[in-house]
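What follows is a short report on a single structure.
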Amino acid sequence: MERSDETRTMIIQATLTVAVPLWIARLSDISGEDRDHTIWQWSRDLSDALSSPRGAFLTGGPSTVNATARGLAALACRGGGVQFLGTLWCSDHCPDGREPEPWEALCALCGADGRLLDKDRYIRMAREILAETNREVGRV
Ligand SMILES: [Zn+2]
């Protein structure tokens with residue numbers, strides 16, 4: 001039976017609700033350079049998963065959804081956390097995910113406790129990922 005995009009999105013949301021907290025917990029067991037490297041790699045995996053055409057993301061199967069879950073967990077460990085498909089994850093304030101307030105693009109509690117000061121590092125990392133992605137695209 002063929003599933004609609006809406007049904008697939010609901011299945012992906014349900015899977016991420018379970019998987020992202022598990023990957024956040026896995027990251028909390030890693031420290032130092034290993035943690036930074038893992039966050040970097042998982043963020044790249046997320047970039048790869050989401051840069052595929054929308055249809056491919058929805059039909060990419062368990063490995064695509066798992067790469068997305070790991071990547072979201074990696075971003076959740078950065079100041080402000082990450083929001084995706086209506087759920088906000090922040091490793092410090094909502095590792096199990098929650099519905100964000102309508103005005104809340106990033107975790108507001110991170111802003112309140114100054115954790116968003118990590119923003120510069122986050123932006124540098126995003127730029128490095130983008131530059132690397134552009135190099136990869138240039139090779140194709
Ligand atoms: Zn937070």
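The values are calculated or read from the model by the stated rules, or taken from the named source; none is laboratory data. The structure presented is a predicted model; accordingly, all values stated were derived computationally and were not measured. Because the Cβ atoms are built from the backbone with ideal geometry, glycine has one as well, and the counts that use them run over all protein chains shown.
If you go through segment 27-66 and pick out every residue that is closer than 18 Å to residue 86 by Cα, modelled with pLDDT under 85 and either touching a Leu at 6+ places or on another chain (Cβ under 8 Å) or not in a helix (DSSP H, G or I) (or both), you end up with 1. Filtering 68, 9, 38 for residues that are at negative phi, among the polar types (S, T, N, Q) and crowded, with 19+ Cβ neighbours inside 10 Å leaves a single hit, 68. For segment 94-105, the candidate set comprises residues that are surrounded by 14 or more Cβ atoms within 10 Å (Cβ to Cβ), more than 10 Å from the ligand (Cβ to nearest atom) and not charged (D, E, K, R); within that set, the residue that is modelled with the highest pLDDT is 97.
Within segment 106-116, restricting attention to residues that are touching a residue at least 24 places away in the same chain (Cβ under 8 Å) and in a loop (DSSP other than H, G, I, E, B), the residue that is farthest from the ligand (Cβ to nearest atom) is 106.
Per this entry, residue 24 is counted among residues that are at pLDDT 85 or above and surrounded by 15 or more Cβ atoms within 10 Å (Cβ to Cβ).
A quick yes/no check of all residues on (1) more than 10 Å from the ligand (Cβ to nearest atom); (2) among the small types (Gly, Ala, Ser); (3) over 22 Å from residue 33 (Cβ atoms); (4) buried (at least 21 other Cβ atoms within 10 Å of the Cβ):
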| position | (1), (2), (3), (4) |
| --- | --- |
| 64 | yes, no, yes, no |
| 78 | no, no, no, yes |
| 88 | no, no, yes, yes |
| 92 | no, no, no, no |
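Any residue at all in segment 76-93 that's at pLDDT 90 or above and assigned to a helix (DSSP H, G or I)? The answer is yes; a qualifying residue exists.
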